[in-house]
Structure formats: C-alpha cells, structure tokens
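Right, one structure below, let's go through it.
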Amino acid sequence: MNDRTPNTETPILEGEDLRKTYRLGRVKVPVLHGASVSIKQGEWVAILGASGSGKSTLLHLLAGLDKPDIDSGDIRYRGSKVELQNGGETNHYRNRTIGFVFQFYHLLPELDVLENGMLANLVPRGRKSGLLILVMALIGAVIGAWLGLLAAGDWGLLPLEERTSVRSIVLSGACAVIGSGTMIVLIQMVQAVILRTRMRSGEAADVARSTLGDFGLDQRYRHRPRELSGGERQRVAIARALGSDPDLLLADEPTGNLDEQTGTEILELLKKKHEQGLTIVMVTHDPKVASYANRVVRLKNGRVVADSVQNSVVGEMPSPDEGHETVG
Ligand SMILES: Nc1ncnc2c1ncn2[C@@H]1O[C@H](COP(=O)(O)OP(=O)(O)OP(=O)(O)O)[C@@H](O)[C@H]1O
Ligand SMILES: [Mg+2]
C-alpha cells in the first residue's frame, strides 16, 4: 500500500511556474503562462476553467505525460523534482505514483474489462524491458551474421572465389538485420504470452477484480469497452487508474461525457475513495462538479487566477473569455 498518512508540511504534488507552448509548424499556441498549483496530501482539488483554458495541458504536465517548455518551472513530487528525462523513473511516476483518468476514457478496445482494469499493474517497468529487447536484438544480429557467413561459405551459397568478397559481407549483414528483427518479434510474442498469463491469474487480476467490484462492474469482466455505456467505461477507466494503488488520482473531466445522473454516480464513487484517503486532482469546466472538491483552482488563459478552499461554488459558471490566445 502507498503511504497515505496525512502530511501537511510538504505538498504531495507541486507545479511551479509551468509554461507550455504547442508548436504546429510555424504557428505557436501558448497555452500555459506560468501556472502554479500545489496539492497537499488528502486534498480533493478541482481545476476549474473554460474550454481551452489549458486544464488538460496542466494535468498532463503534472502527470509527467507531457513536458513543460524549457524555460518553465518544475514539477515536484513530495518535494523532489520529477525528472522527465529518465525513462525508468518517469515510467514509475506515471504508472505507479499517479493514477490518470483521461478525458475520453482511453480504454484499449481489444482488451476486456478485467484486462483493461489490470493494465496499470502490468505495464513493463521501462528500462528493463527496453534493455532486454536491445540485448536480444544484438544476439539475433550476431546469430544472423554468423549464419550468413556459413551460408556464403560452408553451405556454398556463393561461388568459392566470392566467399571473402563484398557480396559475402553484404549477405552476412542482411542476415544480421533479419536475425535481429526476428529476435525482436519473438521476444515481443513471448512478452505478450507472459502478459496474458499474468493477466489471467495472480495478484494483478485479484486487485483489478476488487477495484472493478467496488465500482459495480463485477458482472462485466469479460465485456469489451464497446459493449459498455459511457458511465461504465468511465468507471473502468477510474478503476484502471486506481489499480496500481496510486498515491494520487488525476482525473480529466471524469464526468464530462456523461449525463447528470451518471456523472453524480461517478462523483459519489470518487467521494468514497477520497474519504478513504485518496488525494484527487480533478479537471472540470462545470462548477457543480467542482463543488465536490475541497479546493478550487481557477484557470484562465493558462494562468491560475483564483485558488480557494470552498464550501460550494455551485452556480458560478466560468466566463466564456477564459480560453487561450493564438500567436501566428
Ligand atoms: N497537442 C496539441 N497541439 C497543439 N495545440 C494543442 C495541443 N493540445 C492542446 N492544444 C491547444 O491548447 C489549448 C488548450 O488545450 P487544453 O486541452 O489544455 O484545454 P482544456 O482547458 O482542457 O479544454 P477542454 O475543456 O475543451 O478540454 C487548446 O485550445 C488547443 O488549441
Ligand atoms: Mg481538456
């Protein structure tokens, strides 16, 4: 279990002076202009703003899913800077520390509910998997090159006078490429079989069953996402995000695509998890949804314009001019 002992001293997650400009060819789209937010353990914070104000961008930066601009400030987790260059650590941060709920579910259509629910616990830990593939590719290349030389020489593929020529080197090089490619395909097939086996049994499946059960999906394990309603898909997405027992949940418009009643059901589920100690950062454009949170951070044109502990902000709609500007 992750440590959920309230610690009021150090914030669990901080984004300081975050800047982000998207570049589409020569067009620059400045979205975040130095947004800062600090989340304490046990809080439920809503980031509220109009469409285009940069809410998803901010949440993606906080989750390490995207990088801020070079001249930007830092993201700190429990006081330590999150280094987004380091593959293994970044993967751990994304997969284990943070549970992320995407604006549009992002369930894998070819996996069923149980398999989707297990994903966070099964994602390979970055570096090790990459290193294994690299080593196997090298072994494949050496075997391929050796077979190529054998074919050119001992097996008589090339005439005697050409066995030490450029043609034999080219043949052996081609065999090396084929060998390393074959090895990569083989290792991926083996990894897929291992993944399936781990999915069907073991701890990941138990954890996923338990979380999906909490979300009322125990009768739907074998269903594919296309066979679920929007509310059910969102519940799978949240259960998946919680599957690795993360320290905090970042949810991007968790009720954005749902009708009011289904949205309320999802918020009540989040409320239950929050009462059990989960820290939540939730993005929304809807003040009614934000009213579930303990604190509301208002984003306007990529800047934080208000940050308040709240009882309720229901009824206060963000004004339509809170979007971003575009610079040609
Ligand atoms: N990958 C991208 N490439 C280029 N521009 C982008 C990209 N992602 C977002 N933007 C731009 O940044 C602006 C802010 O996007 P963002 O998704 O953060 O807004 P948002 O507040 O989450 O909006 P919504 O409520 O509609 O989801 C968008 O209007 C868009 O023009
Ligand atoms: Mg968004």
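Here the label points at Leu150 and Leu24, each 7 Å from Cα along the C-beta direction, are separated by 5.5 nm in the simple model.
Label-point separation (nm) for Glu268 and Asp74, each offset 7 Å from Cα along Cα-to-Cβ? Here the modelled spin labels are 4.3 nm apart.
A simple packing score, the average count of other Cβ atoms within 10 Å per residue, orders the peptides 239-249, 103-113 as 239-249, 103-113, with the highest score first. Place a point 7 Å from the Cα of Ser229 along the Cα-to-Cβ direction; which residues of the range 245-263 have their backbone N under 13 Å from it? So the set is 258-263. The mean of 1/r over all pairs of different alpha-carbon atoms in the range 177-270, once inverted, gives a Kirkwood hydrodynamic radius of 15.4 Å.
Here's how it looks for Arg298: its modeled amide H is under 5 Å from those of Leu48, Val305, Ala306, Asp307, Ser308, which are all 5 or more places away or on a different chain.
What you get for the range 185-290, charging only the Cβ of Lys and Arg (+1) and of Asp and Glu (-1), is a dipole of about 580 debye around the Cα centre. Cross-link reach is defined here as a Cα-Cα straight distance under 23 Å, omitting same-chain residues fewer than 8 places apart; for Lys28 the lysines meeting it are Lys20, Lys55, Lys67, Lys300. Between amide H atoms placed 1.01 Å from N, distances below 5 Å from Tyr22 occur with Val29, Val31, all of them 5 or more places distant or on a separate chain. Note on Val305/Gln276: beta-carbon distance plugged into 1/(1 + (r/R0)^6) with R0 of 30 Å gives a FRET efficiency of 0.40. For His223, the residues whose amide H sits under 5 Å from its own are Val113, Leu114, ignoring neighbours fewer than 5 places away on the same chain, with H placed 1.01 Å from N.
Computed from the coordinates by the stated procedures, all read-outs in this text should not be read as laboratory data. Here the structure is a predicted model, which is why all the values come from computation and not from measurement. Methodologically, a virtual Cβ is constructed for each residue, glycine included, from the backbone with ideal geometry; neighbour enumeration extends over all protein chains shown.
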